Structures are given as C-alpha cells and as structure tokens.
1. If I ask for residues that are crowded, with 16+ Cβ neighbours inside 10 Å, over 30 Å from residue 383 (Cβ atoms) and within 26 Å of the chain's Cα centre (by Cα), which ones from segment 204-234 would you list?
2. Quick check on residue 458: is it outside the structural domain of residue 527 (by TED's automatic domain parsing) and in contact with a strand residue (DSSP E or B) (Cβ under 8 Å, 6 or more places away or on another chain)?
3. Need a quick list: strands (runs of 3 or more DSSP E) entirely within segment 636-707 having at least 3 residues that are touching a residue at least 40 places away in the same chain (Cβ under 8 Å) and touching a helix residue (DSSP H, G or I) at 6+ places or on another chain (Cβ under 8 Å).
4. So, in segment 267-296, how many residues would count as being part of a helix (DSSP H, G or I) and surrounded by 14 or more Cβ atoms within 10 Å (Cβ to Cβ)?
5. Might you check whether a residue that is farther than 30 Å from residue 104 by Cβ and either touching a helix residue (DSSP H, G or I) at 6+ places or on another chain (Cβ under 6 Å) or in a strand (DSSP E or B) (or both) occurs anywhere in segment 579-589?
6. Considering only residues that are at pLDDT 95 or above and within 14 Å of the chain's Cα centre (by Cα), look in segment 114-144 and name the one that is nearest to residue 441 (Cα to Cα).
7. For segment 386-489, please list each of the helices (runs of 4 or more DSSP H) lying entirely inside it that holds at least 1 residues being over 24 Å from the mean Cα position of the chain (by Cα).
8. Of all residues in segment 664-674 being touching a strand residue (DSSP E or B) at 6+ places or on another chain (Cβ under 7 Å) and surrounded by 15 or more Cβ atoms within 10 Å (Cβ to Cβ), which is farthest from residue 733 (Cα to Cα)?
C-alpha cells in the first residue's frame, strides 16, 4: 500500500495492533459492459442496414435490435477519430490533426496524446473495470513502435490491461505484423492453413473475455475491438470473395442509385434527400471499356468479401457474449472511423506501396493479376468510383471534410437499456461524444485527475438521453472540422465547408471558396446556399477561426509529407553501422537501417554446413509487396531487390559457398538517384554483379513487414523464395553499413505530390 494509506493501528505487538486492507474498487451490481467496435474506411452506405446490398446480417441484426444513428460524424481520418473516441477531446487537442505517421512539430499535429486527455480505459480501470484492446491501434508515433521504445504510448501504457493486434494504420490480413501486450509475435498460422487476421483477432478477444469470466463472472469490462476491415489491403478467405462474383457488374453509377433508393425507403435518409453529383474526375461506368469494368467490379468483390467475412466474425464475438450471458447488459457501439477511402486512385491498385515510390498502377498489370485480387499476393484497393458509391449520397471521401469524409454509420445496441428496438436517431453526434456517453451509461464521473495528472475538459457531450428518447434534443450544437487544410463548421443544422487541395502550394488558403449547406434539410450537400445566404456563411467562417484557435488547429498545413520525409528528427539516432541478430522479431522499417538511395554493404559472418546444401535467408527487409533479400539458394549466394512488386532485380553467384565459416557480402554502389550496381562477395572475392534500377526510393512496405535476420517475411520478397525460408547454417553476426544522405534526391519535393494520389 502507498505511504500514509494505512488506516489500521500499529502497536508494539500484533495483539496490540489492528490490521487494515485497502478495498478493491468494484462497479455497482448491474453495471453494463462496453464493446466499442471501430471499423476502418467503411463508408456511410456500405453496411446492409445503411442501404448496402453487401451482406452484413450480424450488424443488420444488431441494428434491428438496437438503434441506428444516421447523423454521426468523425474527423475524416483514422488516428484522429480513434483519439477523439477514446478521449472525448477534439483531434487537434490530442495532437492528432493527422495520422501519426505524418506528425509535425506543432502541438495540434505532433502525434502525442497528452496525459491531460485521459483515455476511456484509464478512467475505467481504477473504477474496477477490466479493459481489453484488440486489433488496430494507430495511436503511437511510428518511431515508437519497436522493441527499444518506451511503452508509455502503447495500449498497455494508456489503461488497457491486454492488447493483441497491430500498431500501424494497416497490415497484411494473411501475414500481419502483430503485437501481444508489449512485444512482437509472429502470426499463429499461414493462409494455406486457413489463417486470417480477423479470425485471429476474434479468437483473442474471446480468449480475453473467457479468461475474465473463468475467474470473475460479474466484473464489467471494456472491449475496444478494431479489425483491419475494411482498410486496404482488401483481403479475405477466397470463398467470401467468390460469393460476390458478378454482383457489381452493373457498376458504381447504378449502385449509387439503387443504394439511395434503399436508404430513402428504409428512412435512413429523410424524404427528399438528393444524390450528390458524381465528381467529373470519376468516369461514368458506361464510359469504361469492358476490361476496365471487369477489373473494377473484381476490386469491389474483394472489398465486399472482406466486409461480409468481418461481419461473420463479429457474429462469433457477439455469440460468445450471448453464451456467457453478457450480451443483454452490454452496450455495443459499432462505427466507422471515416468515409470510404480514395487511396486506390482512379484505376484501383494491386499494390498501394506504388504511390509512395512514384511507381505506376496500371490497368494492364491488374488485369494480368485479376485472379490474385483479394489474396495474399496483392495489396489491393478499389478505384475512386467505388469510393464515391460507398459514401452514397454524400460528396467526396476520406481525408476531406465534406460529408463523404466525415458522415459515418453508428449502430448502438444495449438490450437491457435501450428504448424501442430498430428505431433511427437523427440527432447530430460526433466521435468526441462517445466517451461522455459511455461514462454516463456506466455511472462514472469524469475524474479530475488520471494517474496524478489534472484532466483537461472534454469537448464531447453525452447523447445518452437519445438512447431511450427519439425526440431528445441534440446535445452537440457546434463542431469544427479540419484535415490537411480542408475545413468546415457545423452549427445547428448548417454547415460551411471548403475543400483545399492536398500538397498543392499554388493555392493559398485565403483563396479557398467556401460553400454553405443547410444539412438538416440537405444532408447530401446538393444545394450550395453561399450566394443566397452570404451573412450566414460569413458567420460560420468567422466561427471556424475562433474554434481553430481554441483547439490548436493552427497553423494550417496541407503538406502531409514535408516534415515526415525531410525534416522530422528520429527518436532513434541514425548511425553508419547497424547490427542484427538471427531469429529476432522484425525491426520496423521506421527504425531499421535506411538503405534507400545510398551506398551500403550487407555483411554476414556465417557458417555453411554443407557445400551446395546450405539455403535460406541471411538478411531481408520488406515482403512480396516490395523489399530486398540476401540469401543462399542451393549453396549459392544470391540477392534480390523487389521494386514494389513491379519487377525484381537479381544478382546471383554461379558457384556454391564452400563448407565452413565465411564473410558473405552484398555491396550496393549508388550511381545515381535510386539506382546503382550490386555486387556479391564471399570472403572479399567478387562472385557476381549487376545493375539495380530503380531501387525503391521511399518505402518498402505499408503493412508492417520489417527487417529480419536468418529468416524472412511469410510473404517473401522474391517469388523465387517460398515461405519464411530460414537459414540452415549459423549466423554469427550480420551488419549493414551505410553512407551518404538518403534524401539527396533533388526531385524529392516534386515527387512527393505523387504520393497523395
């Protein structure tokens, strides 16, 4: 116990003393559990109960027995929304004005959630709740997501007692980069064994709850469950994608019309709601070639299979709660973190790492690989037309603050505590309102301090009254929005909004054109009233600047990559030599040696057990989606560089390495920007050389594949390798020496704009 806490009496002997034990906090009997499910990149119209024809029977059933909030809003991006959900504070006050990977050196954008903004688990844990997080986290700066980092911004450092999932914004669904509590772990299976991440996440969520109920049958819990679905890559077990074959052949224009009709018929949208015009940069479906239509439909089939599979797995989780008797008294909230994603570009993508590396995404290549879409060899994402359709009837998409970016589905279920099941709620609700609502439902007051840190006021307000009263007044009258220079202000049914191009220095913020909508009557933002109501528009614009100043939104900055790529200091010092050890967990790319655009040497001191027989990976970085690998094949030293899945560059020795201990090396001599010559050496003697151009300029992986020694990622860098291909000899040491500045490329600033497409 803490000093001064003892309330008994201490005498000279035990007989003259009175013992005392501190009490264990326990919520009142009947306190509900909370399950907060956060879907990823699922647009307003993509769940069946919000108008889609994609099968989501579990979520539809949850909505039928609960409530659908049709006027729920988020921040337009994942990290910012998740921070708002868990703290009740606006995203810039959390330092999450953008995703953590793109943090800048300003208070609203540094990616570091203040301790003064206590998270929901930090509040509930001292009150006697169990707290579990499963799935996507994405709230820790990427240069702190490694084994040498402080864990204070990891889930267990912010109030969760158990965590199983991934730290990044996305991961491979068949070969994920996983964290268990505070350490890295390999996936427990392979896709050829039936492994898929969503099923694994549900297994662990059920396991955490089973462990709790095996000991304490009544202790209430918070489960924060965040599957990777439906962020790219859109990957699901093949039968789930196959069931949608042909389902989207009519195209996105017909899908939008049919979806709007279902939304109006079901009351999801008020009568008279129009369909926002398809943007002129998105082609009409009928204007596409037959090959384009066939390909784009396949992309959407993969997305739909991913979503339906996730829905099915959520059914397993809810089924376990029903089995334990917890479901009736569990407050379940299911929502998406932002609108549908446009990151697939105009034609879709089989490898979302391409834009980061200035590489093309062509229809021809995708057609050649059409049967791989949705499987482990692709990092696939659908084209813009399906993005617009997924946000029906709204304008624009994720990362922007028109309704397509910020209006999202919200389902609330609580059989023991709601009003009439199946009803709709039209009250304006924002992500920051979730925390105060949950606290009010649980009967927990917002503490003055968390772990000794005085707490800042929350920005959200509880909407608990609307859980039982459809006519409850709105509790959140005004809300600002900002994302990469796009801005909006909602105020009591009115909305002023302006779009600002990302990474475009040609247009000043003062030149942006503001639009005005009465979204209470025109939720799809079809009728711009700026010219008719200039006074109202100016009132809202002026109010936006007041809110921006209050919530540390300034300075406005539409450059997502300038600090990230060129200026931001690393928390781990760079050095000319890096040493790696065999068999250890992957080193994340953010803190591994950076060999891109610089001369470097990979030197491995290894023992070869048998001439012509030794095989396996010495050092590798990345995966089949991009990276490099130094390995032995049939005893011969070999090197492969995978340029974002487009092409492989190979250098291979002709003779096997003799039995015994040797110095095995790969040398890359930079001859120009992102190109050079690779040489293989054994004990200093040249074995082979070849040209490597282009060498990956910016990033090997988006899915968490790191640098490994003695084995590789389950999705190997080269298609000449199968599985993790462990080295059959002994590695005594492995070092990588680097020289030069990796950001010497004078074209880098110009190229950076391509990353945003």
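1. Keep residues of segment 204-234 that are crowded, with 16+ Cβ neighbours inside 10 Å, which gives 204-206, 208-209, 212-213, 220-234.
Retained after the next criterion (residues that are over 30 Å from residue 383 (Cβ atoms)): 204-206, 208-209, 212-213, 220-224.
Within segment 204-234, 204, 205, 206, 208, 209, 221, 222, 223, 224 meet the criteria.
2. Working: outside the structural domain of residue 527 (by TED's automatic domain parsing): yes; in contact with a strand residue (DSSP E or B) (Cβ under 8 Å, 6 or more places away or on another chain): no.
No.
3. Working: elements: 636-643, 647-656, 660-672, 675-682, 685-692.
Output list is empty.
4. Kept after step one, since they are part of a helix (DSSP H, G or I), are these residues of segment 267-296: 285-287, 290-296.
Now drop any that are not surrounded by 14 or more Cβ atoms within 10 Å (Cβ to Cβ), which leaves 285, 292-293, 295-296.
Counting residues in segment 267-296 that are part of a helix (DSSP H, G or I) and surrounded by 14 or more Cβ atoms within 10 Å (Cβ to Cβ) gives 5.
5. Of the residues in segment 579-589, the ones farther than 30 Å from residue 104 by Cβ are 579-584.
Narrowing further to those that are either touching a helix residue (DSSP H, G or I) at 6+ places or on another chain (Cβ under 6 Å) or in a strand (DSSP E or B) (or both): 579-580.
Within segment 579-589, one or more residues are farther than 30 Å from residue 104 by Cβ and either touching a helix residue (DSSP H, G or I) at 6+ places or on another chain (Cβ under 6 Å) or in a strand (DSSP E or B) (or both).
6. The extreme case among them is 134.
7. Working: elements: 403-406, 434-442, 465-468.
Passing ranges, in order: 434-442, 465-468.
8. Within segment 664-674, the subset touching a strand residue (DSSP E or B) at 6+ places or on another chain (Cβ under 7 Å) is 664-671.
Then drop every residue that is not surrounded by 15 or more Cβ atoms within 10 Å (Cβ to Cβ), which leaves 664-668, 670.
Working: 664: 11, 665: 12, 666: 14, 667: 17, 668: 19, 670: 25 Å.
The extreme case among them is 670.
The values are calculated or read from the model by the stated rules, or taken from the named source; none is laboratory data. Only a predicted model underlies this, so the values are computations on that prediction, with no experimental measurement involved. Every residue, glycine as well, gets a Cβ built from its backbone with ideal geometry; the counts of neighbours run over all protein chains shown.
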